[in-house]
Amino acid sequence: MGRLLLTWRLAIRDIKRRRVQSALLLLMIVTTTTTLTIGLALHKVTDSPFARTRAATRGPDIVAEIIPPPGGAHDATRGFAPLVHATGVAAAGGPYPLAFASLTARGIDVRAEAEGRDVAPATIDQPALTAGRWVRPGAAVIERGFADALGLHVGDVIRLNGRPFGVGGIAVSTAQCFYPVSTPGVIWLTRRDADALATATQPLGYVLSLRLADPNSASAFENGNAAYAFGNDTTNEAKTFMTSWQDTENSDFKVVSVDQKVLLIVSTLLALLAIASITVVVGSRMAEQTRRVGLLKAVGATPALVAVVLLAENLLLAVAATAVGVTIGRLVAPVLTNLGNGLLGTPPAPALTGQSVLEVAVVAVAVAVGATAVPAIRGARTSTIRALDDPAHPPRRRPSLIALSTRLPVPMLIAVRLVARRIRRSLLTAASMTIAVTMVVAALTLEHNDQVRRQVSVIGTTTVAGRVTHLVFLLSAILIVLAALNAIFTTWATVIDSQRPTALARALGATPGQVTAGLTASQLLPGLLAACLGIPLGLALYQLAGGHVSEASPPVPWLVAVIPGTLIAIAVLTAIPARIGARRSVAEVLRSE
Amino acid sequence: MAEAAELPDRESLQGYQLRVVREVLLALLAGEASHGYQLRARLALALGPLAGALNDGQVYVTLNRLEKAGLVVSERVGQADKPDRRVYELTPAGRHQVTEWLGDTSWPKPAPAEFHLKLVAAAAAGLADPVGLVNQQRRALLVGLAQAQRAALAEPDASVAALLLEGVVLRLQADLRWLEACARYWNEAKERR
Amino acid sequence: MTGTTGSVLSASGLRKEYGEGVALVRAVDDVSLEVAQGESVAIVGPSGCGKSTLLYLLGGLERPTAGTLELAHRRLEQMPEAGLARLRRRALGFVFQAFHLVDELTALENVELPALLAGASPRTARERATDLLEQVGLEDRAEHLPSALSGGQRQRVAIARALANGPAVVLADEPTGNLDSAATTEVLRLFEQLHADGQTLVVVTHDERIASTADRLITMRDGRFVDETKLTGGTQRTVAEIAGLDG
């Protein structure tokens, strides 16, 4: 028990002592776990909801519509007769009256298509309710995409052609594409209510559902019967439409698939980059961890106890971060998963199962354990004195770089030597900066893709495009925040590590300005490398995650601007901690050695 | 406060340890009997840097005294009866003396009792402030240490002279430490009063 | 209070305090010091008496809480950091107890560092460094890393480094604190030599042997100067005389 308490105390005290560092690390891990959570949640939105909805609603294989011209009122359903008796037709549903009315809801005026239905369930195409009840006199059932767009819920009141109706329910169907893929939006009423909406200028139309003996032959049927000019009422010039279920699926899927593709890309990017960046961050802490192992051993802790203390500290951070990250992810994810509207299987509720939480927790814990294991093992193997004396890797000597640096002005001399003494750390820095730049480039590509999409989108109406844009923007923001945090952490760690050599330089006569400039430049060198590598990597990663770079690669000026942008960002992020460090008394630093 | 503290000038002969010269002579004779002049040369060699202050005549005076004490016998060789021509040899008593001297592990007085008593007396009689005396002594020792150190640096590194002087320096350092302790003690005694 | 014309380093009423209220610590308490050109001053005292702090104050590596300080005729206490750094590289050489050599640089590269930081050309710096290493007797170790040098050799490299820019004053903080007896002698010789060459030295130490190479020895206790002794002058005595002193 005593040992447990001791472990707890040591871990807590150490976290408290390095408050800033722990806070930064916590922030980084939290962002990472949040990102991971969102990524995982989004990744689940990949299965095909169309098939499920079709099965649940007994969706039709063929949908045929007749829309009479204004003034044409007589029995247009006669036109359906040849279709009903065509070969391959197994069953028919309807015909149902179609009224086109003006729907007013929450101050918005929009055109709606009202289908008159029986109260009793139909054998073909019975829309499945996601809320409320099926049609009743005076109550309308709204198609879910339509309802979402208008912000309608069960119990709201709408007006159809000025007459009030209650929203009795919300349903999905595969007879037509969901709103706004298919416009105008669809609502269902009782036959009587629908009939009553017909006006002289807008007479009733009719819709017929067909089930074929062979559903896969729907396209053939469509082609074969199109010539069968049904609705043979040429004098009245009624409009006729026929759609197979494959057409509907494709249209639906096209939208969903684009969105899903975007989600897939983004979620993969997020997960990969989050894990990569946290690995780099943790990796850069290894050196000091080894020293602490040595210290603990020197005061008498057994290697086992040492490992436990380190593990406890890292686990504490990991668990805290996971909890916070999952919570935030849980709140943010539903905003993003609210896609596939109009189709079952993508509930607006957060797609966050216990499994997701477990997955995130596993990653966080794995990282924590990994971060502990290496220094603990190394500490157990090396002698205590060695662990105390030299950090994990004593600075290496690079004669060529040292010789080169003598020809440079003082800040660059300092910069090159700082990089040369810890090449591995510099590479690690470059790696994490590359990741950051990759994130930024990926975000740019996403953003640009989205813009292009909005421009060329055939089906795009404001709502869909707007939602996806929202999505893209939010996720790009997350990427950039992660990148910035990454950069701050890395530069800050470097400043701490170079405290002694920079203090010595100042004692020997370098001004604080020269030292700050040197430190900043030492970060700019890996930064330049990172910027050059990150651009192609960002594009490649985007492509790997499923996007097509060729169709919408960000314009070259944008990409080129990434380089100076990165350098400026790094310069600023380094200068601040460097400046703070340069103000610290030289004597203090030198004496603490 | 900045006084040049000088060491009292001492007569080099008086400062010399005659007893030590005696023992060395006896020891040299234990190896083999020697002529007077040989003995003088061997003694000079053995004393090394310390031989500087040795008076020529002093050797023979010492040998004379040793003979009178029965530790050494001498024999005239040849015609002239000059001390340097005589051959000297150890007696059994002399041999015993040498063995005793070599085996003797007594070390010079470990604590400067005299100085301590100086302080006690001064304090008791109210003659002077003990702390002041300590500081005065300290300054003197520092000057002495400086001299010894400088002399040591002037000698070649692994030489006997350097070795001897290192001994002086280290002991003075030890004495200075003790003086620090004295200062602390007498300071506290003052405060208690 | 300005120093006399001959003094290279002049401090008056220096004070350095840490903490506040009950926890106030006066590491240096009202210290005044004048060091003339070519003079060698040693400051001795028990550990914790503030002598290291004093040295850092004299070197501009710490700011005094009160008092004035003049080095090479420039006032230090109000000078901005950059100015202090520039003054340091021109007029000061520092020798630390822990050597503070750069581990991944050779002896030669370590010694040329201050010159490079002062803006000298690589060749000039390299030549000067070679000369200095010769002066301290380590020319055959020029390409060695500090890890391949003994403690005494490392400190000699550090001393050579301190001389790189021809400083007006060399400040040494416990230069033999981390050295054994033999290494101490090496460093001792070097300090004697420097002093003989006319270098102004201020050495802080608790080892009286190092202090003995100085002209003046100042004793410090609890942040104050309590005693001063002149070490030069007096008759020269022989080894025998010196050795015969002990009972």
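The values are calculated or read from the model by the stated rules, or taken from the named source; none is laboratory data. Predicted, not measured: the structure shown is a model, and the values here were computed from it. Methodologically, a virtual Cβ is constructed for each residue, glycine included, from the backbone with ideal geometry; neighbour enumeration extends over all protein chains shown.
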### Task
Collect the residues in the range B:128-140 that are at the interface with chain C (Cβ under 9 Å from one of its Cβ atoms) and either among the acidic types (Asp, Glu) or without any contact (Cβ under 8 Å) to a residue 60 or more places away in the chain (or both), keeping them in residue-number order.
B:ASN135, B:ARG138
### Query
Taking the stated definitions as given, is A:PHE178 at pLDDT 90 or above and in contact with a helix residue (DSSP H, G or I) (Cβ under 8 Å, 6 or more places away or on another chain)?
no
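Do the conditions hold for C:THR232, that is, is it touching a residue at least 12 places away in the same chain (Cβ under 8 Å), facing chain B (nearest Cβ under 9 Å) and surrounded by fewer than 23 Cβ atoms within 10 Å (Cβ to Cβ)? Before you say what the answer is, go through the steps one by one.
Working: touching a residue at least 12 places away in the same chain (Cβ under 8 Å): yes; facing chain B (nearest Cβ under 9 Å): yes; surrounded by fewer than 23 Cβ atoms within 10 Å (Cβ to Cβ): yes.
When the stated conditions are applied, C:THR232 passes them.
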### Task
Mind listing just one residue for me: the one in the range C:96-128 that is more than 10 Å from chain A (Cβ to nearest Cβ) and more than 19 Å from the chain's Cα centre (by Cα) and, of those, farthest from A:PRO409 (Cα to Cα)?
C:ALA107
### Task
Could you look through the range B:29-73, keep only residues that are touching a residue at least 40 places away in the same chain (Cβ under 8 Å) and β-branched (Val, Ile, Thr), and pick out the one that is nearest to B:LEU102 (Cα to Cα)?
B:VAL72
## Note on the structure
The lone condition B:VAL143 fails out of (1) under 22 Å from the mean Cα position of the chain (by Cα); (2) touching a residue at least 60 places away in the same chain (Cβ under 8 Å); (3) more than 9 Å from chain C (Cβ to nearest Cβ); (4) under 30 Å from C:ALA214 (Cβ atoms) is (3)
### Query
Just checking, how many residues over the range A:376-427 are assigned to a helix (DSSP H, G or I) and modelled with pLDDT under 70?
12
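Does B:ALA158 qualify as being of a type in the set (Gly, Ala, Ser) and in a helix (DSSP H, G or I)?
Details: of a type in the set (Gly, Ala, Ser): yes; in a helix (DSSP H, G or I): no.
The answer is no for B:ALA158.
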### Query
Is there a residue being touching a Gly at 6+ places or on another chain (Cβ under 7 Å) and of a type outside the set (Val, Ile, Thr) anywhere in the range A:48-59?
yes
### Task
Test each condition in (1) in the same structural domain as B:ARG19 (by TED's automatic domain parsing); (2) at pLDDT 85 or above for B:ARG138 and report the one that comes out false.
(1)
### Task
Could you tell me whether the range C:202-221 includes any residue that is part of a helix (DSSP H, G or I) and either at the interface with chain B (Cβ under 7 Å from one of its Cβ atoms) or aromatic (Phe, Trp, Tyr) (or both)?
yes
### Task
Output the residues belonging to the range C:77-111 that are free of Cβ contacts under 8 Å to residues at least 60 places away in the same chain, surrounded by 24 or more Cβ atoms within 10 Å (Cβ to Cβ) and touching a Pro at 6+ places or on another chain (Cβ under 8 Å).
C:ALA85, C:ALA107, C:ASN110
### Query
Considering only the range A:558-593, how many residues are over 25 Å from A:PRO512 (Cβ atoms) and within 26 Å of the chain's Cα centre (by Cα)?
8
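Is there a residue in the range C:15-25 that is closer than 24 Å to C:ALA158 by Cβ and not aromatic (Phe, Trp, Tyr)?
Filtering the range C:15-25 for residues closer than 24 Å to C:ALA158 by Cβ gives none.
No, that holds for no residue.
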### Query
Looking at the range C:30-64, which of its residues are modelled with pLDDT under 90 and either closer than 19 Å to B:ALA146 by Cβ or more than 10 Å from every other protein chain (Cβ to nearest Cβ) (or both)?
C:GLY45, C:SER47, C:GLY48, C:CYS49, C:GLY50, C:LYS51
### Message
Suppose we filter B:GLN136, B:GLN97 for residues that are crowded, with 17+ Cβ neighbours inside 10 Å and more than 17 Å from the chain's Cα centre (by Cα); which single one remains?
### Response
B:GLN97
### Task
Find the residue count for the range C:149-187, including only residues that are surrounded by fewer than 22 Cβ atoms within 10 Å (Cβ to Cβ) and closer than 20 Å to C:THR219 by Cβ.
2
### Query
From the list B:GLU114, B:GLU155, which one is loosely packed, with under 14 Cβ neighbours inside 10 Å, closer than 23 Å to C:GLU241 by Cβ and out of contact with any Cys (no Cβ under 9 Å at 6 or more places or on another chain)?
B:GLU114
### Task
Mind checking which strands (runs of 3 or more DSSP E) fall wholly inside the range A:79-146 and carry at least 3 residues that are surrounded by fewer than 21 Cβ atoms within 10 Å (Cβ to Cβ) and touching a residue at least 40 places away in the same chain (Cβ under 8 Å)?
A:89-105, A:108-117, A:128-132
### Query
Out of the residues in the range B:10-53 that are crowded, with 17+ Cβ neighbours inside 10 Å, facing another protein chain (nearest Cβ under 10 Å) and at pLDDT 70 or above, which is nearest to B:VAL72 (Cα to Cα)?
B:LEU47
#### Entry: C:ARG221 vs. criteria surrounded by fewer than 21 Cβ atoms within 10 Å (Cβ to Cβ) and at pLDDT 85 or above
yes
